[in-house]
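The values are calculated or read from the model by the stated rules, or taken from the named source; none is laboratory data. Every value quoted in this text rests on a predicted model; they were computed, and no experiment measured them. So basically every Cβ, Gly included, is an ideal-geometry build from the backbone, and we count neighbours across all protein chains shown.
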Amino acid sequence: MLEVQIYKKLAEFDLDVSFQVDDYILGLMGASGSGKSMTLKCIAGIETPDQGRIVLNGRVLFDSEKKINVPIQKRNVGYMFQSYALFPNMNVYENISVGLRARKVKDVDIVVQKVMQQFRIFELASRYPKQLSGGQRQRVALARLMAYEPDVLLLDEPFSGLDPVNTELLKNIIINLVKEGKYIIMSAHQMSTIEEFCSDILILNKGKTVIKGNLKEIKDTYPANRVQIETNENIETDIKKLGFEIENIKNYSYTVKIFDEQKAHELLKELVIKGITINKFEIMKPTLNDIFIEKVGE
């Protein structure tokens, strides 16, 4: 378990965050400048909190009262920045191995070959960063990180700018890392990514936690706000008659905003009485995007 309780005074606001990560991926969210990256840097040891504690599997990494501050290289925490950087004058193999050799890791060649195989970059070993696509560089950066076998991975916008193929590859890699028992904190602006990966979320706004906990449980506290309807004919008039707003239409598939779940059932009843074929009628809870905008939108 990773336990985090940190306070740091910043120029714009005071960062005050506490949470824990068990055997799942925690989705860390917030608008730009909300304190996400600073939180990750404090966990990694790049920045030092003014107060608080950071504990990994019972091992104290930082404690302001006891004056404990374990250095970066001894924390066993891997941090992949959003603007990841590879050494431009080293090929892929050298980029991964150089840090291991500096730390005098045994069997460097074996370790490098293992992570290159794991991240499907074996065929890129002799290439230089400028010869790689964005997705390939992202995988190399993550492979270099995993060569140190960290217990915790801090991923800052890991899918930013990736094409669909490399996005899928990276998703599978992250899923496997979770199966291996790694703790992962993922910062991302893509709500669909957070919903796909994360059981728990934490949303920051100007350094303060505005919502945290299990995503499903959080959604369950909200009333339904949409209905997804699929039919074989146009039902716009029926929808608007009950005062609903049509959010999206595509090939007789309607996403409808609702303000009253009972009214949604009335709509279904009206459609059935009219003999309209209904292929799908799903009342839905708010999306993570809805919740995010409610909590941090200005």
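The table that follows gives values for the structure above.
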read-out	value
Qualifying residue in the range 280-297 (condition: more than 22 Å from residue 194 (Cα to Cα), of a type in the set (Val, Ile, Thr) and either buried (at least 16 other Cβ atoms within 10 Å of the Cβ) or touching a strand residue (DSSP E or B) at 6+ places or on another chain (Cβ under 8 Å) (or both))	no
Residue under evaluation residue 82, criteria (1) of a type in the set (S, T, N, Q); (2) outside any strand (DSSP E or B); (3) in contact with a strand residue (DSSP E or B) (Cβ under 9 Å, 6 or more places away or on another chain); (4) modelled with pLDDT of 90 or more, criterion not met	(4)
Selection from the range 107-125 of residues that are part of a loop (DSSP other than H, G, I, E, B), at pLDDT 90 or above and over 21 Å from residue 81 (Cβ atoms)	107, 125
Residue within the range 197-210 that is under 28 Å from residue 294 (Cβ atoms), surrounded by fewer than 18 Cβ atoms within 10 Å (Cβ to Cβ), at pLDDT 90 or above and hydrophobic (A, V, I, L, M, F, W, C) present	yes
Any hit, the range 208-215, residues being under 30 Å from residue 12 (Cα atoms) and more than 18 Å from the chain's Cα centre (by Cα)	yes
Filtered residues of the range 126-141 (kept if modelled with pLDDT of 90 or more, assigned to a helix (DSSP H, G or I) and charged (D, E, K, R))	130
The range 245-279 - residue that is of a type outside the set (A, V, I, L, M, F, W, C) and under 30 Å from the mean Cα position of the chain (by Cα) and, of those, surrounded by the fewest Cβ atoms within 10 Å (Cβ to Cβ)	250
Some residue of the range 43-50 being outside any loop (DSSP other than H, G, I, E, B), modelled with pLDDT of 90 or more, over 25 Å from residue 180 (Cβ atoms) and in contact with a strand residue (DSSP E or B) (Cβ under 6 Å, 6 or more places away or on another chain)	no
Flag for residue 149 being surrounded by 15 or more Cβ atoms within 10 Å (Cβ to Cβ) and either closer than 30 Å to residue 8 by Cβ or of a type in the set (Asp, Glu) (or both)	no
Sole residue being out of contact with any Pro (no Cβ under 6 Å at 6 or more places or on another chain), surrounded by fewer than 18 Cβ atoms within 10 Å (Cβ to Cβ) and not hydrophobic (A, V, I, L, M, F, W, C), chosen from 76, 95, 69	69
Residue that is closer than 29 Å to residue 283 by Cβ and either out of contact with any Phe, Trp or Tyr (no Cβ under 6 Å at 6 or more places or on another chain) or touching a residue at least 12 places away in the same chain (Cβ under 8 Å) (or both), where the choices are 202, 177, 170	202
From 18, 34, residue being surrounded by 14 or more Cβ atoms within 10 Å (Cβ to Cβ), in a loop (DSSP other than H, G, I, E, B) and in contact (Cβ under 8 Å) with a residue 60 or more places away in the chain	34
